[in-house]
Amino acid sequence: MSFSRAVAASTFAYVLLTAVIGREILASPGGGIAHDAGDPLLNAAILTWNARHIPWTDAWFQFPIFYPTRDALMLSEHLLGVSVLSTPLYWMSGDPLVTYNLTLLLTFPLCALAMYALVQRLTRSAAAAFLAGLAFGFAPYRVAHLPHIQMLAVFWAPLALLGLHAHLETGRRRWLALFGVSWMLQGAANGYFLVYFSVLVGLWVLWFVVARGRWRDLANIAAVAAVAALALVPMLLRYSAMHARHGFERGVGEVTFFSADAAAILCASPELTFWGWLDVACGPEGELFAGLTLVALCGIGAVAAARRSTITGFYFAAAAATWILTLGPFPRLLGTKFLSQAPFLWLMELPGIAGLRVPARFWMMTIICLIVAMGVLMADVLKRRSRRAAAAIVAAAAFGFVIDGWTAIPVQAAPDAAPNPGLLRGTTTLELPLGDVGRDAAPMFRAVTGGWRTVNGFSGYEPAHYAPLRLAASVEDDALLIPFLRRGDLHVIVRDDAPGLQAMVERQPGVTLIGRGPRLTQYHLPRRSTTVAAPVLGERLDIRGLTASCAQDRVNNVTDGDLRTRWECGPQEGDEEMTVDLGGLVAAGGVVHSLGPYTMDFPRRFAIETSPDGATWESAWSGTVIDAALAAALEDPRAVRLLLPFRPRAARYIRLRQVGRDRTFYWSVAELEIWSGAR
């Protein structure tokens, strides 16, 4: 079979298989959202935003969620490397759901064809390339990430490797250009793979370039990568500045939680038709089942191959290295830690790695390496068989790959439209209830695609003010409206299954009912022009001593100047206390209670008492701090300094009492300040 016919036949097979597993989507591409109404709605909104805005401009960074947060696009993936596909589709269809659904389906044949191209170049075997493409495009691991289009759009990675291999073989610069463009677009499609795939490229360079002393090639590859990286610099700078402003970082505990177990190679996505029952050592994003066929062919090929190739040697070694990295900083086997630390912990010391919380996603690099190695080995096996025997092997292997990755992509109903969307364009809108995926993804999608700003949000990170906002909504406290009404008019959409929140909105001054739908009611609230004077704190007082009702060993954390350390006590039962000794009788008139990154750990109800002698106590302040926490988070999202002023009085002791109840969250104090107040 000629080269062109082989490519055409493989393409037809990949597209046909995609149509079968995506048949529910193709039945009505704009009638719903592929898989679920969480991450897919976020990604559909981002792809729509990219199609409507010029990348790298300030307007593009101002993704209209989590109002009034600036640069909100940097809270999640910007998906520019996916928009190469989706933007033309959006320009043709004008439909965000059609665009997202078709883009998701296109990732299957495109990944298959990209791997086909790589293995065909390495082996000159159309049959081996077909199998490798089938294995990659329809890998079981891809099914585990159906909600994450950025994890599915990995077709740039094989093309980048193709460029590297072809450049070493021919010395032609066009292959370097393919590498540079593909590497950049892969990083622009998935921020994780900007790092994880770069690690794989680094290993490739060490093996094929540095180890062979090809210094000119090393310089050329480095130069091309540096030039390609220039396109990513504006996003990286804005990302770094935005995250520094908000104090975003991933702790080691969170990274460990999203690390794979060493036994998770026996954990398959429950959505796989034939392997969904396999659930050994499963964890969050820990479905690392590679497929029986891929593992079997790697083993058979390694035994049956006539010669050992340096290419297969590299890809098997790289597969082992990247698998170790999936295990995170503290590797576990069946839940038991078996190493005190691992290479991922060293990787976390590099700049920019602190924002990556899912080591398990390194598994995509492992899958790439295993499939390339399998393709090279199978090419050697097939060429030493008769045509009939080779055809039988290819047919059996293809059947195995299809069975291993077989699924049917489900479709969820599209979000309801706003009752009166024409009145919302260009405005600020809040939808209630808020605070979880089911409640926030649809409002976010409606706002981005409809052309208005929303207080709601759903993303990889959330700004500090969203935690107290969530609590205020859950207790139907109208304090959640005040900060936004001070900025201008506010439209509020309330679900009909939240009558308490509807009543709260309807009792606001000047409220107007402007729309009613099957499940949503839309209101308009006029701006409140009231201004609140900043409290006069006076002079900061020295804290000479601290005692607490619990965790006394951590009480000095509140004066160490480090927002990442804290005193904590809880869950909140209503009897937690901290007493401050000022060393002598002084004028005291305010407390500043900083939460730092622990934005949900503010006291549910709070009381401040003062005493001149530690025996007689006088109430200085009491009530809920939701409004103070919300204002503090909007003012300074990194420190979240709750300002609690009271009438100045002579005192030596200040007692802070948490008198509310919360069975989930603790009371945390990152930093504590006592002030004299106005004189």
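Read-outs throughout are calculated quantities, based only on the coordinates presented, and are distinct from any laboratory measurement. No experiment lies behind these values; they were computed from the predicted model shown. Positions of Cβ are backbone-derived with ideal geometry, glycine not excepted, and every protein chain shown enters the neighbour counts.
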Report task. Rounded to the nearest Å, what's the spacing between the alpha carbon centres of region 392-413 and region 239-286? Just the number, please. Result -> 24
Requested in this report: Scan region 536-580 for trypsin sites (Lys or Arg not before Pro) in coil per DSSP, keeping those whose Cβ has at most 12 other Cβ atoms within 10 Å, and list them by number.
Outcome: ARG544
Report task. Would you please state which residues of region 466-492 a label at THR427 would reach in this model, taking the label point 7 Å out along Cα→Cβ and a backbone N cut-off of under 18 Å? Result -> 481-492
Query raised in the report: In terms of modelled amide H atoms, which long-range or inter-chain residues lie less than 5 Å from the amide H of ASP279?
Result: ALA268
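Using only the Cα atoms of region 604-658, build the gyration tensor, take square roots of its eigenvalues as a ≥ b ≥ c, and label the shape rounded, prolate or oblate: rounded if a/c is under 1.5, else prolate if a/b is larger than b/c, else oblate.
Details: a/c = 2.88, a/b = 2.24, b/c = 1.29.
Here region 604-658 falls in the prolate category.
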Query raised in the report: Using θ = phi - 60° and the Karplus curve 6.51 cos²θ - 1.76 cosθ + 1.60, what whole-Hz ³J(HN,Hα) does each residue of region 5-17 get, with Gly and Pro shown as x?
Result: 5, 5, 5, 5, 5, 5, 4, 4, 5, 5, 5, 4, 5
Query - Label corresponding to Kirkwood radius over Cα pairs in Å when calculated from the structure given, among (i) 33.5; (ii) 27.8; (iii) 28.8 - result: (ii)
Query raised in the report: Using θ = phi - 60° and the Karplus form 6.51 cos²θ - 1.76 cosθ + 1.60, what ³J(HN,Hα) does each residue of region 226-234 get, whole Hz, x for Gly and Pro?
Result: 5, 5, 4, 5, 4, 5, 8, 4, x
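Which of rounded, prolate or oblate describes region 570-679 when judged by the alpha-carbon gyration tensor and an a/c cut-off of 1.5? Please list the in-between numbers first.
Values: a/c = 2.10, a/b = 1.40, b/c = 1.50.
Cα axes put region 570-679 in the oblate bin.
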Requested in this report: Could you let me know the centre-to-centre spacing of region 305-341 and region 15-89, using Cα atoms, in angstrom?
Outcome: 33
**Report entry** Check: the chain dipole with +1 on Lys, Arg Cβ and -1 on Asp, Glu Cβ, in debye
**Finding:** 2700
Report task. Only helical DSSP H runs with n ≥ 4 go in: add -39500 (n - 2.57) per run for the chain, normalise by residue count and round the 222 nm mean residue ellipticity to 500 deg cm²/dmol. Result -> -14000 deg cm²/dmol
Requested in this report: May I ask you to order 134-143, 440-449 by the average number of other C-beta atoms within 10 Å around their residues, highest value first?
Outcome: 134-143, 440-449
Report summary line: Scanning the chain, every Cys lacking a C-beta partner under 4.7 angstrom -> CYS111, CYS298, CYS369
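Please report MET504, MET365 as a ranked list, fewest other C-beta atoms within 10 angstrom at the top and most at the bottom.
Details: MET504 21, MET365 25.
Least to most surrounded, the residues fall as MET504, MET365.
In region 533-604, which GluC sites (Glu not before Pro) fall in coil by DSSP and have 16 or fewer other Cβ atoms within 10 Å? Each step should come with its number before you reach the end.
Values: sites: GLU539, GLU568, GLU573, GLU576, GLU577; in loops: GLU539, GLU573.
When the GluC sites (Glu not before Pro) of region 533-604 are filtered for loop state and at most 16 Cβ neighbours within 10 Å, GLU539, GLU573 remain.
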Query - Prolate/oblate/rounded call for region 474-558, Cα gyration tensor, a/c under 1.5 rounded - result: oblate
Query raised in the report: Measuring from centroid to centroid over Cα atoms, what is the spacing of region 636-679 and region 346-382 in Å?
Result: 48
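I need the GluC sites (Glu not before Pro) found in region 160-254, filtered to DSSP loop residues with at most 14 other beta carbons within 10 Å of theirs. Don't skip to the answer; put the middle values down first.
Values: sites: GLU169, GLU249, GLU254; in loops: GLU249.
Within region 160-254, the qualifying GluC sites (Glu not before Pro) (loop, at most 14 other Cβ atoms within 10 Å) are GLU249.
Could you list LEU194, LEU230 so that the one with the fewest beta carbons within 10 Å of its beta carbon is first and the one with the most is last? Don't skip to the answer; put the middle values down first.
Numbers: LEU194 21, LEU230 9.
Result, fewest neighbours first: LEU230, LEU194.
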Requested in this report: Name the residues whose placed amide hydrogens come within less than 5 Å of the amide hydrogen of ASP636, ignoring near sequence neighbours (fewer than 5 apart) on the same chain.
Outcome: ARG641
Query raised in the report: Once phi is turned into ³J(HN,Hα) by the Karplus curve 6.51 cos²θ - 1.76 cosθ + 1.60 with θ = phi - 60°, what whole-Hz value does each residue of region 574-583 show in order, with x for glycine and proline?
Result: x, 10, 8, 9, 9, 10, 9, 9, 8, x
Query raised in the report: Could you put LEU643, LEU42 in order, starting from the residue whose Cβ has the fewest other Cβ atoms within 10 Å?
Result: LEU643, LEU42
Query raised in the report: Considering amide H positions built from the backbone, and no H for Pro or chain starts, which residues 5 or more places from GLY515, or on another chain, come under 5 Å of its amide H?
Result: GLN522
